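Down below is the structure, laid out as structure tokens.
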Amino acid sequence: FAAHTLNLGPYVRCLLHRDAQNWPKGVCPAMALGDFDHTKSGHFIMEEPKVVLELRSGDIILFLSSLITHGNAPLCPGDVRMSWTCWMAGGLVRWLAAGCALVSSLTTRAKQEKYAERSQEFARKGWESLLTLSELTARHGGAPKPAKPSE
């Protein structure tokens, strides 16, 4: 990922939004951090799929931040929540796919076709780099152990 954002809060909350300038085919990891009750506040919301997740501190979600409207529920008084996110600017991907040039400079059909081909290659490689749950389990020698509940 070309960019990282560390939101130190201590009361990080994002209103529902889409990161329209991010690369649409780029997966965005986001990690919740802090001292908060994940069952009562700070839920991760994805609007289009109608999903609300209770992310514990240290949990990471992978999603398409430019295509899915997302945000967080408010925090309870006294909760501390921070986040770490990674993302890839769409303009940077277009510049790379254009051969380190502005897309507007691709004035010949051959250059435009090469750009389209390289764009698809970036997307294919990105998706292929992700592991399925089975692949992840095999790589790390077994199923993950469930977290112990807080006392």
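The values are calculated or read from the model by the stated rules, or taken from the named source; none is laboratory data. It should be emphasised that the depicted structure is a prediction, and the values quoted were computed from it without experimental measurement. Neighbour counts are summed over all protein chains in view; Cβ atoms, including those assigned to glycine, are modelled from backbone coordinates with ideal geometry.
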query = Which condition does residue 20 not pass, out of (1) in a loop (DSSP other than H, G, I, E, B); (2) surrounded by 15 or more Cβ atoms within 10 Å (Cβ to Cβ), if it passes all the others?
reply = (2)
ask   = In the list 121, 54, which residue meets the criterion of being acidic (Asp, Glu) and surrounded by 15 or more Cβ atoms within 10 Å (Cβ to Cβ)?
value = 54
message = residue 120 - would you say it is modelled with pLDDT under 90 and either more than 30 Å from residue 59 (Cα to Cα) or basic (Lys, Arg) (or both)?
response = yes
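List the strands (runs of 3 or more DSSP E) that sit entirely inside the range 41-109 and contain at least 2 residues that are among the aromatic types (Phe, Trp, Tyr) and either touching a residue at least 40 places away in the same chain (Cβ under 8 Å) or in the same structural domain as residue 119 (by TED's automatic domain parsing) (or both). Can you show your working first?
On the way: elements: 44-46, 51-53, 60-63, 70-72, 80-87.
Filter on the range 41-109 gives 80-87.
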message = Exactly one of these conditions fails for residue 93: (1) surrounded by fewer than 18 Cβ atoms within 10 Å (Cβ to Cβ); (2) modelled with pLDDT under 90. Give me its number.
response = (1)
Extreme residue, surrounded by the most Cβ atoms within 10 Å (Cβ to Cβ), among residues of the range 70-90 that are of a type in the set (Gly, Ala, Ser) and closer than 23 Å to residue 41 by Cα = 83
message = Against the condition under 25 Å from residue 124 (Cα atoms) and among the aromatic types (Phe, Trp, Tyr), how does residue 63 come out, does it pass?
response = yes
